[in-house]
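The structure under discussion appears below in the form of C-alpha cells.
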Amino acid sequence: MINTIRQSRQYKSFKKHKLAQLGGILLTFFILVAIFADLIAPKDPNKMNLRQSYKSPSAEFYLGTDRIGRDYFSRLVHGTRVSLAVGLGGIGIATIIGIFFGGLSGYLGGKIDTCLLKLSELIICFPSIVLILMIVTIVGQSLLNLVLIFGFLEWVGLYRLIRSLFMSLKEQEFVEALEAFGVRKFSIMFQHILPNAIAPITVWMTLTLAGMILAEAGLSFLGMGVPLQVPSWGNLLNGAKDLRVLENYPWIWIPPGIVITLAVLSINFLGDGLRDALNPKS
C-alpha cells in the first residue's frame, strides 16, 4: 500500500514536469530512428560518388551530400545508431562496474574500500579528455574500443554514489536482521540493499548518457573517436572543420549540430524529471 502511494506520487510529480515528458518523447524518437535506420534511410551511408560532391539538399538527397558524394541524410540517420550505441554501451559497462565496486567498497569496507577508493581518486586526477585521447592513441580507433574506454573510465561517479548509499544502508535494522539469520553477504548487497538505490542509479545513468554522447561527438570531431568512415554525429561534424564548408555548405554542420543538441537536451530534461520524481522529499 505504501509503495503504491509512493509510486502514485512519483508518477504525478513526473507528469507535472512537461520538459521531462518532452525529453522522454524525443529520446524515444531517437531510439526508434536508430532501430529502424535501414528502413528510414535505405541508401548506403558509405557509398561514394565524387561527381555528386557537395550537392545541395534536393528531392534526391534530402540533406545534400558531403565532400566525397555520400548521402548526408543517410549518414545522419545511421549516425544516430552509432552515437546512441556508444552512449548506451558505455553507460551499461560503467553502471555494472560502478554498482559492483561501490557495493563491495560500501558494504565490506576495510582494505577493499581503501584500494577501490584510491583507484577512483587516481582516475579522477587526470582530465578525462586527456586520458581518453591517450588510451585511444595506444589501443587504436574503433567503435568497440570507444565503448570500452567510456565504460571503464566513467564508473567512478556511480561508484562513489553507491559506496555512500551502501555505507548508510548497511546500518539499517533490516540489514542487521539479515546478517543475524546468516544470509550471504553478496545476497544482502545485491538482492536487499541494491533495490533501495535504483532511483539515484537511474538518474545518474540518464545524465551521464548525455555526457557520453557529447564526448563521442567531440572526440570524433577531433578525428580521435570512432573511425572516420563510420557514420556518427561527431564524424559528420568533422567534415565542417574547413572554414569554406562553414561558409558555403551549411547542410554539412547544421543538421548534426541540431540533432546533438536535441538529443543531449532531451536526456537532460528526462534526467531532471526523474530526479525530481524519485526524490523522497518531493
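Numerical summary
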read-out: Residue match in segment 66-84 (condition: of a type outside the set (A, V, I, L, M, F, W, C), outside any helix (DSSP H, G or I) and loosely packed, with under 15 Cβ neighbours inside 10 Å); value: yes
read-out: Complete set of residues in segment 25-47 that are closer than 13 Å to residue 80 by Cα, among the aliphatic types (A, V, I, L, M) and out of contact with any Ser or Thr (no Cβ under 8 Å at 6 or more places or on another chain); value: 31, 32, 35, 40
read-out: Among (1) closer than 19 Å to residue 167 by Cα; (2) in contact (Cβ under 8 Å) with a residue 60 or more places away in the chain - the single one residue 113 does not satisfy; value: (2)
read-out: Residue 189, sole failed condition from (1) crowded, with 20+ Cβ neighbours inside 10 Å; (2) closer than 30 Å to residue 261 by Cα; (3) in contact (Cβ under 8 Å) with a residue 60 or more places away in the chain; (4) not small (Gly, Ala, Ser); value: (2)
read-out: Pair list, Cβ < 7 Å and 6+ apart or interchain, from segment 141-155 residues that are on the phi < 0 side of the Ramachandran plot to residues that are polar (S, T, N, Q) and crowded, with 17+ Cβ neighbours inside 10 Å; value: 154/208
read-out: Number of the condition not met by residue 136 [criteria: (1) touching a residue at least 60 places away in the same chain (Cβ under 8 Å); (2) closer than 30 Å to residue 39 by Cβ; (3) among the aliphatic types (A, V, I, L, M); (4) surrounded by fewer than 24 Cβ atoms within 10 Å (Cβ to Cβ)]; value: (2)
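Quick note: the coordinates plus some simple rules give every number you see, no bench work behind them. Here the structure is a predicted model, which is why all the values come from computation and not from measurement. Every residue, glycine as well, gets a Cβ built from its backbone with ideal geometry; the counts of neighbours run over all protein chains shown.
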